[in-house]
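The values are calculated or read from the model by the stated rules, or taken from the named source; none is laboratory data. Predicted model only: the values in this text are computed from it and were never measured. Because the Cβ atoms are built from the backbone with ideal geometry, glycine has one as well, and the counts that use them run over all protein chains shown. For accessibility, only protein heavy atoms count, side chains too; no ligands or nucleic acids. Shrake-Rupley method; radii C 1.70, N 1.55, O 1.52, S 1.80 Å.
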Amino acid sequence: MIKGKTIEQWKQEIPLLNDVISLKEALWVNTNYQQVHQALKECPLTMADVKEAEERLHRFAPYISKVFPETKDQNGIIESPVVHIPNMKRSLQEHFQMDLPGDFLLKCDSHLPISGSIKARGGIYEVLKHAEDLAIKHGLISKEDNYAKLADESFRTFFSNFSIAVGSTGNLGLSIGIMSAKLGFQVTVHMSHDAKKWKKDLLRKYGVKVVEHQEDYSKAVAEGRKQAEKDSTCYFIDDENSQHLFLGYAVAALRLQKQLQKMNIQVNEDHPLFVYLPCGVGGGPGGVTFGLKLIFQDHVHCFFAEPTHSPCMLLGLLTGLHDQVSVQSFGIDNETIADGLAVGTPSKFVGKLIEPLLSGIYTASDEQLYKLLTMMMDCEHIHLEPSALASVYGPIQLMKKGNEYIQQQNLLSKLKKATHLMWATGGSMVPKEVMEEDYKKGKELLK
Ligand SMILES: *Cc1c(COP(=O)(O)O)cnc(C)c1O
């Protein structure tokens, strides 16, 4: 029983659940989608919050540039490129035997400096915010200072009196672990059973304490939270509920707006922008969606992508139960190759906030992710981790199953002038051997 109803009753009420529960790929069009002026009325966060986060990242830029020399070229701003992927578009059209109108772009968060995934946005941002709060509170720094001085040994000694904890399937742990250790914090990362060995090894090399759990992501987070509660000097980064993480992700939208302008890519009434975002607990894709809706309003259409084995946000929104439902309660195993996305229970905070802003959610099978990974390598020479490829499946799902949405939003005649932006959420840190294994699997499946 789930909230007083059997699974059979749920299926009768919501027919799409039949496909979702039997692990078939699906696309859900959000029935609670609203025009943006309406949707943002009730929203607890605003553009002012996103701007504040952006300014904080600017204050830290001299420090980041100093301690992570790979960010020097960008003056300490952690940002990723947007690239055209015309070969991939052609390859997808051939493979799926479909016409896919519009321009195809890839947002390469896979190649974000420091930790090589979208988590380098939210995760690093929240650690920096915490460090700033502490340093200001203890009278060690003011917002007008040059933050490069945070690299001094005296600050590392100061921060070593405090600790940071987080629960993660891998990538959030990497971002928070690396950033916290660099500042001098003691840091503990609680890893779920599916976290890749190379991620744990890398963290230990940075001096991060890694605690391995035999359960999934939600349990790792719960353990982290519990341990942190016992220690008043410990700050817990709550992937399921954090507004700070969310705002760190949202800053991406301000940056993307500038990048698209530079590339002469229009987003307006006649030129819709479709954005496809791989979703785990929801913070990353949710924050980016929030930022994009603030900027591009009704001209941007955001879709989340989830693995067929971990459709937590889809179930949370479909049933309206948010974090009161898990994929396991519907008999789904939460086992997927897409480790950043192997989450059984969605964030309620994110689910509620994005409910009126999100266009829909689709799912992709692990097989599909492997195939797309191999195609991306073959035709664009871009190396991504499986999770990231969930985004690339977006235009196919939209053109195959999204007719209802296209009609509703009056988009049919505009598709030729549309831009499809796929958010490649991770990949550049994957070791070569692991990448080659994944590539081979995809190659096998493409035969
Ligand atoms: C974490 C992650 C996501 C999704 O972010 P959430 O905030 O968990 O929804 C997507 N892709 C990759 C590679 C990730 O690591």
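Cross-link partners of Lys89 among lysines, defined as those whose alpha carbon lies under 20 angstrom from its own and excluding same-chain residues fewer than eight positions apart: Lys107, Lys371, Lys400, Lys401, Lys414, Lys416, Lys417, Lys443, Lys447. Which residue fluctuates the most in the chain, going by a Gaussian network model with Cα springs under 10 Å, if the choices are Ser91, Ser391, Ser218? For the chain, modelled as a Gaussian network with Cα springs under 10 Å, the answer is Ser91.
Below 8 Å between Cα atoms, with a sequence gap of 6+, how large is the relative contact order for the chain in percent? Kindly include the intermediate steps, with their values, before the conclusion.
Values: 883 pairs, mean separation 94.4, N = 447.
Answer for the chain is 21 percent.
Within the assembled protein chains, the solvent-accessible surface assigned to Phe96 is about 40 Å², based on a 1.4 Å probe. Only aspartates and glutamates eight or more places from Lys348 in sequence, or on another chain, were considered; those with a Cα closer than 15 Å are Asp238, Asp239, Glu240, Asp323.
The C-alpha atoms of the chain define a longest principal axis, and helix 283-296 lies at about 70 degrees to it. Helix 171-183 versus the longest principal axis of the chain: what is the Cα-based angle in degrees, 0 to 90, to the nearest 10? Taking the Cα atoms of the chain, the angle to 171-183 is about 20 degrees. For the chain, a Gaussian network of Cα nodes joined below 10 Å ranks Ser428, Ser110, Ser154 by mean-square fluctuation, and the top entry is Ser154.
In Å², what does the accessible area per residue of the chain work out to with a 1.4 Å probe? Each step should come with its number before you reach the end.
On the way: 17430 Å² over 447 residues.
Normalised by residue count, the accessible surface of the chain is 39 Å².
With the largest listed first and rounded to whole Å, the semi-axes of the equivalent ellipsoid of region 119-241 from the Cα gyration tensor are 26, 14, 12. Histogrammed with a bin width of 10 Å, the alpha carbon distances of the chain distribute as 4, 22, 33, 27, 11, 2, 0 percent, first bin at zero.
Across region 119-241, C-alpha contacts under 8 Å between residues 6 or more apart give a mean separation that, scaled by the residue count, equals a relative contact order of 27 percent.
Please report the antiparallel percentage of the DSSP beta bridges confined to region 257-394, to the nearest 5. Can you show the working numbers first?
Working: 1 of 12 bridges.
Just about 10 percent of them are antiparallel.
Using R0 = 30 Å, the C-beta based FRET efficiency linking Asn241 and Asn161 works out to 0.70. Coupling constants for region 95-110 follow from the phi torsions by the Karplus curve (6.51 cos²θ - 1.76 cosθ + 1.60, θ = phi - 60°), and in residue order they are 4, 8, 6, 9, 8, 10, x, x, 8, 10, 10, 10, 9, 8, 5, 3 Hz; glycine and proline get x.
For the chain, give me the percentage of DSSP beta bridges that are antiparallel, rounded to the nearest 5 percent. Kindly include the intermediate steps, with their values, before the conclusion.
Details: 9 of 44 bridges.
The answer is about 20 percent antiparallel.
Which of these, Tyr125, Tyr249, Tyr235, has the largest mean-square fluctuation under a Gaussian network model of the chain (Cα springs below 10 Å)? Among Tyr125, Tyr249, Tyr235, the largest mean-square fluctuation in the Gaussian network model of the chain belongs to Tyr235. Ile337 sits with roughly 30 Å² accessible to a 1.4 Å probe, with DNA, RNA and ligands left out of the calculation. Pairs from the list Lys149/Lys258; Lys119/Lys197; Lys72/Lys262; Lys199/Lys440 with a Cα-Cα gap above 23 Å: Lys149/Lys258.
Rounded to a whole number, what % of the accessible area of the chain do carbon and sulfur atoms account for, probe 1.4 Å?
Carbon and sulfur atoms account for 48 percent of the accessible area of the chain.
Return one number: the angle in degrees, 0 to 90 and rounded to the nearest 10, between the long axis of the Cα atoms of helix 119-137 and the longest principal axis of the Cα atoms of the chain. Value to nearest ten degrees: 30.
Which order do Tyr439, Tyr206, Tyr63 take when ranked by solvent-accessible area (1.4 Å probe, heavy atoms of all protein chains), largest first? Spell out each step's value before the answer.
Numbers: Tyr439 60, Tyr206 100, Tyr63 0 Å².
Reading off the accessible areas and sorting them downward yields Tyr206, Tyr439, Tyr63.
The aspartates and glutamates within cross-link reach of Lys51, meaning a Cα-to-Cα straight distance under 18 Å and a gap of 8 or more places when in the same chain, are Glu79, Glu126, Glu132, Asp133, Glu144.
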